[in-house]
Amino acid sequence: METFQCTIIYAYLLISTTIFLSLPILSHATKHFNVLSFGAKPNGMVDSATTFAKAWDAACSSTDAAVIYVPKGRYLVSPVRFSGESCKSLDIVFRIDGTLVGSGDYNFLGRDETWFSFERVTGVSVIGGSFDAKGPSLWACKASSNNSCPPGATTMSFVESSRIRVKGLLSLNSQMFHIVINRCRDVKINDIRIVADGKSPNTDGIHVQLSTDVEIRNASIKTGDDCISIGPGTKNLWVERVTCGPGHGISIGSLGKDREEEGVQNVTVKKTVFVGTDNGLRIKSWANPSSGFVQRVRFLESLMFNVKFPLIIDQHYCPHNINCPSQESGVRINDVIYQGIRGTSATKIAVKLDCSAKAPCTRIRMKDISLRYVNESAQFSCVNVLGDAPGLVKPQTCF
C-alpha cells in the first residue's frame with residue numbers, strides 16, 4: 001500500500017513539474033496609451049500635437065514595452081518632436097489607424113524642418129497610419145517665385161536612432177522629403193506607400209545618409225524627386241521590390257558637394273520597377289574635389305518602362321545648370337554591377353556612364369542588359385570608364 005501511494009505521489013510530482021516547465025515565461029506587460037485619453041481630437045480641426053507629446057512622455061516613462069494608439073479619425077497635428085534621451089522603455093510602438101493631417105496654410109508645418117521628428121530613440125516602430133502634409137499649397141508658392149515661401153517640412157525623420165521599424169504607412173503630399181533616415185543603425189521600412197505629384201519640388205520619397213544596416217522592402221513611391229536617395233555615409237543598404245514612378249529614380253547621391261565626405265558602400269538594389277521616371281538607377285556627384293567614394297554596389301533584376309535614362313552615372317551633376325562647378329569630381333566609383341536590367345528607354349541612349357577624368361570609374365560590370373528604344377536596341381555611352389578584364393565595361397563599347 002505504501003509502495004502504491006509513493007508511486008502515485010511520484011507520478012503527481014512528475015506531471016506537475018512537466019506542466020510547470022511547459023508554461024510560457026511571462027514577460028512584462030505591455031502598457032497601452034490612447035491619444036484620446038490625453039485629449040487628442042479626431043475631428044481634423046483642433047491641434048493635437050501636445051497630446052501626442054504627452055502620450056510619448058508617458059510611454060517613455062514606462063519600463064515596459066509600450067503602445068501609443070491613434071484610433072480612426074482625422075487628427076490635425078503641428079510639428080512635434082519625440083526625444084528618446086530620457087526614455088526608460090526600449091520598445092515603443094505607434095499603432096496608427098487614423099489620418100494625421102497638416103493645414104492648408106503651408107506655414108503651419110513649413111517653418112519647421114520636420115513634421116514628426118524622432119531623435120535619439122531606440123526600439124521605435126511606426127505601424128500603419130496616413131500622413132497628409134497638404135504640400136500642394138507650398139509647392140504652388142515656390143512655383144510662383146515668391147521669396148517669402150518657407151523651405152517646407154520633411155514629413156518624418158529619424159536621427160541618431162537604432163532598431164527602427166516603419167510598416168504599412170502612407171505618406172501623402174509631403175512639403176519636402178517624405179522619410180529621412182540620418183545617423184541611424186538597424187532600420188527596416190516595409191510595405192509603405194508614398195504619393196506626391198510628379199512635379200512637386202524636393203519631395204524625395206526616402207532619403208538615407210550616414211546610416212548603417214538599413215532595409216527598404218515592398219514600397220510604392222510616386223513623387224517629384226528621387227524615389228530613394230542615398231547620401232554620404234550610407235553603409236549596408238538593401239532595397240528590394242520597390243516600384244518608382246513618377247520621380248527621378250533611385251539615386252546614390254548627389255555626392256561630392258563637400259570636400260570632406262564619407263563614402264557609400266555595400267548597397268544592393270534588387271527587383272525594382274521604374275515607370276516613366278526621369279532616371280532609373282543613378283549615381284550622381286558634383287564636379288568638385290572630394291574624399292567621397294562609392295563601392296560595392298549591386299543593381300539587380302530591374303524593369304524599366306519608358307524611362308529617360310535607365311542606367312546613368314553622372315559625375316558632372318548640376319541641376320538646372322546654374323553656378324555649375326568647372327572642376328572634375330573627386331568621388332571614386334568602383335565595383336558596380338548591373339545585372340538583369342530589362343525594358344524600354346524613352347531616349348536613344350539608355351546607358352550613360354559619364355565618369356570623372358580625375359577619378360575614372362573602375363570595375364563597372366554589366367550582364368544580361370536588354371534595353372530597347374522604340375523598335376530598336378538602345379545605345380550605350382561611356383566616358384572615363386576603365387577596365388579590360390572579362391565582364392568589365394570597356395571605355396568605347398560599354399561591354
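Observations
- The strands (runs of 3 or more DSSP E) found entirely in region 240-280 that carry 1 or more residues being among the charged types (D, E, K, R) and open to solvent by 40 Å² or more (accessible area, probe 1.4 Å) are 264-270.
- When region 77-115 is limited to residues that are in contact with a Pro (Cβ under 8 Å, 6 or more places away or on another chain) and closer than 21 Å to residue 182 by Cβ, the one that is surrounded by the fewest Cβ atoms within 10 Å (Cβ to Cβ) turns out to be 111.
- Sub-8 Å Cβ pairs linking a first residue in region 47-74 that is in contact (Cβ under 8 Å) with a residue 60 or more places away in the chain to a second residue that is surrounded by fewer than 17 Cβ atoms within 10 Å (Cβ to Cβ) and acidic (Asp, Glu), at least 6 apart or interchain, number zero.
- Positions within region 213-239 being in a loop (DSSP other than H, G, I, E, B) and among the charged types (D, E, K, R), in sequence order: 225, 226
- Residue among 214, 208, 275, 242 that alone is in contact with a strand residue (DSSP E or B) (Cβ under 9 Å, 6 or more places away or on another chain), modelled with pLDDT of 95 or more and more than 18 Å from residue 156 (Cβ to Cβ): 275
- Residues that are open to solvent by less than 30 Å² (accessible area, probe 1.4 Å), part of a loop (DSSP other than H, G, I, E, B) and in contact with a Cys (Cβ under 9 Å, 6 or more places away or on another chain) within region 153-179 comprise just one, 161.
- Qualifying residue in region 204-212 (condition: surrounded by fewer than 24 Cβ atoms within 10 Å (Cβ to Cβ), out of contact with any Phe, Trp or Tyr (no Cβ under 9 Å at 6 or more places or on another chain) and not in a strand (DSSP E or B)): yes
The values are calculated or read from the model by the stated rules, or taken from the named source; none is laboratory data. If you're wondering where the values come from, they're calculated on a predicted model, not measured in any experiment. Every residue, glycine among them, receives a Cβ derived from its backbone with ideal geometry; neighbour counts consider all protein chains shown. Ligands, DNA and RNA are excluded from the accessible area calculation, which covers all protein heavy atoms including side chains. Shrake-Rupley method; radii C 1.70, N 1.55, O 1.52, S 1.80 Å.
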